[in-house]
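**Q** For reference, the structure I am asking about is given below.
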Amino acid sequence: MTDLPPHGQTWRDWLNTDTPTSRSHARAAAAWHGWLRLKSNHMAMLGLYILIGLVAVAAFAPWIAPHDPLAQNLMNRLQPPGSPGHLLGTDSLGRDILSRMIYGSRITLYIVSLVAMIAPIVGLLVGTIAGYAGGWTDAILMRITDIFLAFPRLVLALAFVAALGAGIENAVLAISITAWPPYARIARAETLTIRNSDFIAAIRLQGARPLRIITRHIWPLCISSLIIRVTLDMAGIILTAAGLGFLGLGAQPPSPEWGAMVAEGRRFILDSWWVATMPGLAIFTVSLAFNLLGDGMRDVLDPKEGGTR
């Protein structure tokens, strides 16, 4: 069977059909209907547009930034927003704040992307193994998870960074180590619901091994819940990364990391408020965008929601 619209039928009609002709057709139709639900959520779309803008700014930073983010000019230090050649002003070393924020978006996306690839995968592995195996395996893995959940994320990340040493890579590793337990809990709960299903019993009768059952049949059913959690967690990850940068344990000077920029500006907060306020607003905007998009993704991917509100 073909996975393309038949002659005379438009793509929209093909995607809106109630009778898909193949599995891939059904997936495409489900993705299309999910996009329509997401598109109807204006706040979620606002968050998506902000994040698309962030990615575009990070990708084209060398062409967008008006100045070298590391170039110092002590003759122009602490210039207010709107100064000639400096739309958002300059910092204590005369560096252009707008240029540093633009390049700082690359560091933010770097941290978020790595944590989003590491923490959910670790949590998915731990949660599905614990939920499917049960017994002492489940008990040991979940008690380890409880230990990590007992500590505030930022405090635990500070402890790991202090042990590993300051730096952006160590910050990413520390945030990932502290971020995986919630994903493990979600994956375990989903696995406990799925493992006693009739279709899993049928797969076992066909001779499928546990590894195949977990990877081919349980993981795909856990993905939607993890995507929702990842999207909603991005704001917390950004704030944790900014907190580490603020304390001097994240990206090291002269890297234009937003948290470090806020830390530098706190010394001049009364007289030169823009030095700390501008990167702070960037952190707030991106965190809000992830929260808005995550709320919309929950409406689309969570079967309990049943569509838009």
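Bear in mind that the values in this text are calculations on the coordinates, not laboratory data. Only a predicted model underlies this, so the values are computations on that prediction, with no experimental measurement involved. Heads up, the Cβs are rebuilt from the backbone with ideal geometry, glycines too, and the neighbour counts pull from every protein chain shown.
**Q** Expressed as a fraction of 2.2 N^0.38 Å, the rule-of-thumb size for a compact globular protein of N residues, what is the C-alpha radius of gyration of the range 173-248?
**A** Values: Rg = 16.9 Å, N = 76, 2.2 N^0.38 = 11.4 Å.
Expressed relative to 2.2 N^0.38 Å, the Cα Rg reads 1.48.
**Q** Now for a different question. Hey, what do the phi angles of the range 79-89 turn into as Karplus ³J(HN,Hα) couplings, whole Hz, using 6.51/-1.76/1.60 and θ = phi - 60°, x for Gly and Pro?
**A** 6, x, x, x, 5, x, x, 9, 4, 9, x
**Q** With only Lys, Arg, Asp and Glu charged, each at its Cβ (+1 for the first two, -1 for the last two), find how big the charge dipole of the range 213-309 is about the Cα centre; round to the nearest 20 debye. Please report the intermediate quantities before stating the final value.
**A** Working: 7 positive and 8 negative charges, 44 e Å.
Computed about the Cα centre, the dipole is about 220 debye.
**Q** Let me ask another. Taking the structure as given and computing Cα Rg over 2.2 N^0.38 Å, which label from [x] 1.11; [y] 1.00; [z] 1.21 fits?
**A** [z]
**Q** Among residues other than residue 205 whose Cβ falls under 15 Å from its Cβ, what is the net charge (Lys/Arg +1, Asp/Glu -1)?
**A** On the way: positive: 195, 204, 209, 212; negative: 198.
It works out to a net charge of +3.
**Q** Report, in order of residue number, the helices in the chain meeting two criteria: a C-alpha extent of 20 Å or more along the helix axis, and a mean Kyte-Doolittle hydropathy of at least 0.5; treat each whole DSSP H run as one helix. Display every interim value, and only then the final one.
**A** Values: long enough: 23-40 (26 Å, -0.61); 42-59 (25 Å, 2.13); 97-133 (53 Å, 1.58); 135-149 (21 Å, 0.89); 168-194 (38 Å, 0.64); 219-246 (39 Å, 1.56); 274-301 (40 Å, 1.07).
Both cut-offs are met by 42-59, 97-133, 135-149, 168-194, 219-246, 274-301.
**Q** Also, I was wondering about something else. What residue among 142, 38, 102 has its Cα farthest toward the positive end of the dipole of the chain, where the charges are +1 on Lys, Arg and -1 on Asp, Glu, each on the Cβ?
**A** Farthest towards the positive end: 142.
**Q** I would also like to ask the following. With +1 assigned to the C-beta of every Lys and Arg and -1 to the C-beta of every Asp and Glu, and no other charges, what is the dipole magnitude of the range 132-201 about the Cα centre in debye, to the nearest 20?
**A** Details: 5 positive and 5 negative charges, 23 e Å.
So the dipole magnitude of the range 132-201 works out to roughly 120 debye.
**Q** Suppose every K and R has +1 on its Cβ and every D and E has -1 on its Cβ; what is the size of the dipole of the chain about the Cα centre, in Debye to the nearest 20?
**A** Numbers: 24 positive and 19 negative charges, 126 e Å.
For the chain, the charge dipole is close to 600 debye.
**Q** Would you mind classifying the range 34-119 by shape? Square roots of the alpha carbon gyration tensor eigenvalues, ordered a ≥ b ≥ c; an a/c under 1.5 is rounded, otherwise it is prolate if a/b is larger than b/c and oblate if not. Working shown, then result.
**A** Details: a/c = 3.27, a/b = 2.00, b/c = 1.63.
In terms of gyration-tensor shape, prolate.
**Q** Cβ under 12 Å from residue 268's Cβ, residue 268 left aside: what net charge do those residues give with Lys, Arg +1 and Asp, Glu -1? Please list the in-between numbers first.
**A** Working: positive: 77, 266, 267; negative: 91, 264, 271.
Surrounding charge for residue 268 is 0.
**Q** Express in nm, to one decimal, how much length is gained between residue 198 and residue 117 on full extension, taking 0.36 nm for each residue of separation and deducting their alpha carbon distance. All intermediate terms of the calculation are to be shown ahead of the outcome.
**A** Details: separation 81, 0.36 × 81 = 29.16 nm, distance 3.19 nm.
Here the segment from residue 198 to residue 117 would lengthen by 26.0 nm.
**Q** Also, I was wondering about something else. Add +1 for every Lys or Arg and -1 for every Asp or Glu among the other residues with Cβ under 14 Å from the Cβ of residue 257, and state the total.
**A** With Lys, Arg at +1 and Asp, Glu at -1, the neighbours total 0.
**Q** Given the options 172, 156, 224, identify the residue whose Cα lies farthest towards the positive end of the charge dipole of the range 152-225 (+1 on Cβ of Lys, Arg; -1 on Cβ of Asp, Glu).
**A** Most positive-ward Cα: 224.
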